[in-house]
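Shown next, in structure tokens, is the structure this report addresses.
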Amino acid sequence: MSEESAYEDGVFTATGQYGGLPSSITVTVTLVDDVITSVRVTPHATNPTSLDLQRRFAAAIPVVVVGKRIDEVKVDRLAGSSSTPDGFNAAIQRIKEQARNDTSQSPAGSGGQPGCISTDDTSKEKLCKNVNLEKAT
């Protein structure tokens, strides 16, 4: 990780929900110096048509995002899927919150608790760690 990286290097996973049902996909990315070096999308659909669209999206997404800085990634319609990108973008936002280097600010959705992130939109459960917010002098 370089000194100028905004995000920690590592492997991060988050689930993104989308649509009215809602539907969801799980996204796993590897970050190195804020760049996505690998991505995996796991479909969760049970409807055959939705599952097919999620699988096609999962197959197409690496070409679109691998090699890009995570802050540059925002996916629109891809591989015939118009809604799945919304779930992908939501998962990327959660991953950015998990990987953020600056522990002096609370991640969005944490309820103002530094070092905490919500695991998903429907759960009150949070992942927290103790962080010392005082700057070293």
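The values are calculated or read from the model by the stated rules, or taken from the named source; none is laboratory data. Remember, predicted model here, so these are calculated numbers, not experimental data. Cβ placement follows ideal geometry from the backbone for every residue including glycine, while neighbour counts extend to all protein chains displayed.
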I'd like the residue in the stretch 31-84 that is more than 12 Å from the chain's Cα centre (by Cα) and in contact (Cβ under 8 Å) with a residue 40 or more places away in the chain and, out of all such residues, is nearest to Asp9 (Cα to Cα). Thr84
What do you reckon, is Pro22 more than 11 Å from Gly87 (Cα to Cα), surrounded by fewer than 20 Cβ atoms within 10 Å (Cβ to Cβ) and more than 13 Å from the chain's Cα centre (by Cα)? no
Within the stretch 1-19, restricting attention to residues that are of a type in the set (Ser, Thr, Tyr) and within 15 Å of the chain's Cα centre (by Cα), which residue is nearest to Glu72 (Cα to Cα)? Tyr7
Of the residues that make up the stretch 83-95, is at least one in the same structural domain as Asp33 (by TED's automatic domain parsing), crowded, with 18+ Cβ neighbours inside 10 Å and of a type in the set (Lys, Arg)? yes
